[in-house]
Amino acid sequence: MPGTRGGLAVLALADSRFPNGGHVHSGGVEEAVARGLITDVGHLREFLFGRLRSAGLVAAVFAAAAAHAAAGRRADWPGLDAELDARTPSPAQRAASRAQGWGLLRAGRAAWQSQALSDLVSTTGRPHHPLVLGVLITASGAGARDAALVAGYHSVSGPSSAAVRLLGLDPFAVNALLIELTAELDDLADTASASAHLPPADLPAPGSPALDLLAESHDHHHREEVRLFAS
Amino acid sequence: MLPDNTRPHGGNGHGHGHRHPVNFDPTATEPDPHAQTPWHGRPFRLGIGGPVGSGKTALTAALCRALGGAVNLAVVTNDIYTTEDADFLRAAGVLDPDRVEAVQTGACPHTAIRDDITANLDAVDRLTERHPGLELVIVESGGDNLTAVFSRGLADRQIFVVDVAGGDKVPRKGGPGVTTADLLVINKIDLADHVGADMAVMVSDAHRMRGALPVITQSLTRTPNAPDVADWVRAQLAVPLGV
Ligand SMILES: Nc1nc2c(ncn2[C@@H]2O[C@H](COP(=O)(O)OP(=O)(O)O)[C@@H](O)[C@H]2O)c(=O)[nH]1
Ligand SMILES: [Mg+2]
């Protein structure tokens with residue numbers, strides 16, 4: 001089996017220093033912390049496992065499908081975008097995903113030349129983050145499984161560093177938590193890349209009502225209050 | 001539309017070809033080949049940074065009062081107490097609430113103005129869409145340490161505000177804010193006697209650290225419209241960027 005091509009781009013896109021605005025999103029951690037649902041590393045472990053299997057899987061599935069679509073000739077970008085909307089019931093989470101997609105687009109356009117990227121934008125306006133990610137992965141020469149890995153990793157890396165900042169958790173313990181997810185992330189990438197060729201409507205649709213509700217209450221309760229993260 | 005600054009050098013980042021960056025011919029009339037954020041009719045972006053409590057919001061309000069009549073302007077604030085800053089500007093009657101955008105910095109204010117400026121550029125974009133013809137956006141950083149400076153991708157010019165009450169050793173400590181900002185403001189000089197700060201030392205240290213870059217001392221309680229800083233900002237606005 002050939003190794004990953006475009007490895008540098010894959011690593012850069014996964015890096016938290018990639019300048020697409022990800023650091024201002026906590027993925028529900030800020031709200032969970034404010035409600036006392038996360039107070040220590042044990043709680044964070046449960047949160048991250050749950051997030052990876054739900055929001056992380058959805059993102060990975062669509063990143064892989066976008067990477068696959070970008071590699072082919074007839075991509076249904078509006079279909080993919082709409083189906084991801086349908087799998088994201090919380091308006092706050094949809095807004096967060098589109099905001100991060102826009103940020104990734106800004107950074108991506110400065111670094112990549114891609115016809116698929118232009119097509120994605122001209123047909124969807126403000127595409128969801130996983131779609132932009134998948135297109136950039138393909139533009140780099142990497143594959144659908146790489147796109148899924150990066151999307152899945154994002155779903156837990158940002159929230160874990162938000163927890164470190166908000167609770168002052170031991171960074172080594174939190175980093176060890178991330179590494180605990182190694183097998184989970186591999187399984188998720190396998191699942192996501194196996195479905196990458198399906199029509200948008202047939203893509204998996206795992207739900208995470210608790211995360212949806214956290215995102216909504218974060219948006220509502222903190223509109224007039226101190227809020228450090230955008231989601 | 002993405003803002004034009006995604007391609008700050010006009011294309012692939014190698015726009016100045018093989019020319020020497022400095023032309024020593026005093027009669028040359030060719031355009032300045034230095035990489036500059038181009039001025040393409042987008043608002044001028046002025047960063048105001050400095051430690052917590054040094055007077056960034058007070059200076060922002062002063063500039064809104066001094067310039068607001070003649071310049072179409074708006075403000076982006078990165079403070080934790082975002083609504084408080086917006087409330088302050090509203091209460092001061094210096095700016096319509098819809099001309100203030102608050103940015104969440106993910107508990108990392110220097111990242112949001114320097115390493116990953118996405119959230120701030122998004123806020124600037126929202127203001128620009130809402131207010132056609134916007135000429136100036138003032139971006140107030142969250143209060144941060146002496147190493148926090150604005151990315152040149154976000155701020156066309158930046159002011160670093162320190163205050164006398166923070167101690168007269170601050171300019172000597174240096175750091176990129178003090179040494180590289182386009183303007184250093186030493187604020188609250190009215191408090192110098194109360195805190196035993198030696199203004200002469202502070203100012204001479206500041207000049208020693210900054211070489212030719214300008215330093216302004218002021219008190220916003222004595223001169224609430226910050227006339228010297230406002231003059232400096234007017235001068236910056238008068239020069240099209242990249243020319
Ligand atoms: N005495 C004095 N107080 C000032 C001056 N400028 C600002 N302040 C006060 O210093 C405090 C902090 O100012 P603020 O603008 O909120 O600081 P920021 O955190 O840098 O935005 C406020 O209470 C201001 O009224 C000044 O020149 N003299
Ligand atoms: Mg302030």
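Just so it is clear, none of the values below were taken in a lab; they were calculated from the coordinates. Quick caveat: nothing in here was measured; it's all calculated off a predicted structure. Ideal geometry is used to build each Cβ from the backbone, glycine not excepted, and the neighbour counts take in all protein chains shown.
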Shape verdict for the stretch A:23-221, please, from the Cα gyration tensor: rounded (a/c under 1.5), prolate (a/b greater than b/c) or oblate. prolate
Which is farthest toward the positive dipole end of the stretch A:23-221 among A:LEU211, A:ALA65, A:LEU44, measuring Cα position about the Cα centre, with Cβ charges +1 (Lys, Arg) and -1 (Asp, Glu)? A:ALA65
Cβ charges +1 (Lys, Arg) and -1 (Asp, Glu), total dipole of the stretch A:23-221, debye: 560 debye
Quick one: helix A:129-139 against the long Cα principal axis of chain A, what's the angle to the nearest 10°, folded into 0 to 90? 40 degrees
Quick check: residue separation of A:ASP187 and A:ARG5 times 0.36 nm, minus the Cα distance between them. What number comes out in nm? 63.5 nm
Tell me the net charge near A:LEU149. Cut-off is 12 Å between Cβ atoms, A:LEU149 excluded, with +1 for each Lys or Arg and -1 for each Asp or Glu. -4
In a GNM of chain A with a 10 Å cut-off on Cα contacts, which of A:ALA210, A:ALA63, A:ALA71 has the highest mean-square fluctuation? A:ALA210
Label point distance in nm, A:SER122-A:HIS221, each placed 7 Å from Cα along Cα→Cβ: 4.6 nm
Using Cα atoms only, what is the angle between the long axis of helix A:171-180 and the major principal axis of chain A, expressed in degrees (0 to 90) to the nearest 10? 50 degrees
Could you work out Rg/(2.2 N^0.38 Å) for the stretch B:115-193, with Rg from alpha carbons only? 1.29
How much net charge surrounds A:LEU213 when only the other residues with a Cβ under 12 Å from the Cβ of A:LEU213 are counted, with Lys and Arg +1 and Asp and Glu -1? -3
